[in-house]
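These notes are about the structure you will find just below.
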Amino acid sequence: MNEALTAIKQYILNPDRFGCHLRQMCEQMADADLADARVDHVYGLELRNLLLDRAADVLACYIHLVWDGAGPTEYAPRTLEILQRLQGRMRGMDADCTWDYALDAFNTDIVSRLERAGSLTIAPAQESEMLHHFFDRLEEYEYLHDLAQNIMHLHWQRRHCLDSPTVDRGGKTGVPVGPRGSPAVERHLKRAAIEGLATYIEQSNIARGNIEGPADPLIVLHDRIEIQLALGGKNAQTWAASGWQVADHIEARFGTAAGRREARRARGLWKAIARKHAAVRR
């Protein structure tokens with residue numbers, strides 16, 4: 001487990017008063033699994049500690065994917081908002097009962113995502129391939145085309161332009177450096193844009209529950225429309241701004257090999273926890 005996930009897990013198990021609901025989620029998840037196990041009291045105490053640790057793994061992975069490296073000042077109140085919305089569905093009941101319902105409903109959704117993600121079969125080698133057909137159909141996927149161009153520009157500006165402070169001018173890394181239009185540079189930029197965009201689509205779908213369709217590009221369109229609305233409405237200016245905002249996020253997160261490896265590790269962690277979850281329930 002990487003440092004970011006470890007930090008989230010530690011906070012979940014030992015939260016401040018703003019994140020105490022996260023600890024409650026872990027305890028509810030562990031107790032539900034323990035009830036299914038039907039073990040005696042002595043062994044049950046030992047198993048509950050194992051299940052509590054496993055529940056913290058699950059919740060930490062979910063938070064890491066959905067809130068992408070944010071700290072507890074962001075994910076603690078956001079998860080509380082989700083719980084309160086679930087609680088609000090149950091009217092005319094005692095507050096304790098509605099809270100228990102919310103904890104159970106949220107955990108059930110997270111575990112369901114986990115179990116489906118455990119069967120995800122996209123291989124790392126497919127990341128640079130799964131969007132190629134989108135670029136062959138310009139009209140249908142127009143919302144990806146300008147985004148890819150923006151990613152290419154930002155990637156070149158930050159990592160391959162001679163004026164960039166991060167550029168390896170000695171050429172030791174083998175990464176092409178030079179002006180736009182150079183064939184080697186353009187090939188690299190296109191590949192980086194496709195890989196980054198493919199990884200963003202996959203990770204966004206997984207994080208938001210669309211695990212059966214992790215290559216569905218419509219999530220990008222939804223993101224761009226959401227940005228437009230936040231900027232004041234749908235027009236040419238807000239559409240262009242949405243393309244730059246999403247491109248900036250993608251390039252910053254997946255513009256390096258390390259960023260793409262991190263995304264693959266996140267996917268692998270879902271698989272590992274899914275296997276662990278299945279083994280404990282057996």
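The values are calculated or read from the model by the stated rules, or taken from the named source; none is laboratory data. Please read all numbers here as calculations on a predicted model, not as lab measurements. So basically every Cβ, Gly included, is an ideal-geometry build from the backbone, and we count neighbours across all protein chains shown.
Scanning the stretch 207-224 turns up one or more residues that are within 19 Å of the chain's Cα centre (by Cα), part of a helix (DSSP H, G or I) and free of Cβ contacts under 8 Å to residues at least 12 places away in the same chain. Checked against (1) buried (at least 16 other Cβ atoms within 10 Å of the Cβ); (2) modelled with pLDDT under 80; (3) among the basic types (Lys, Arg), ARG23 meets all criteria but (2). Within the stretch 115-136, one or more residues are more than 19 Å from GLU202 (Cα to Cα) and either at pLDDT below 85 or of a type in the set (A, V, I, L, M, F, W, C) (or both).
Screening the stretch 148-198 for residues that are among the acidic types (Asp, Glu) and assigned to a loop (DSSP other than H, G, I, E, B) and picking the one that is modelled with the lowest pLDDT gives ASP168.
Just give me the residues in the stretch 42-77 being in contact (Cβ under 8 Å) with a residue 40 or more places away in the chain and not in a helix (DSSP H, G or I), in sequence order. Within the stretch 42-77, ASP68, GLY69 meet the criteria.
In this structure, ALA241 does satisfy being of a type in the set (Gly, Ala, Ser), surrounded by 14 or more Cβ atoms within 10 Å (Cβ to Cβ) and at pLDDT 80 or above.
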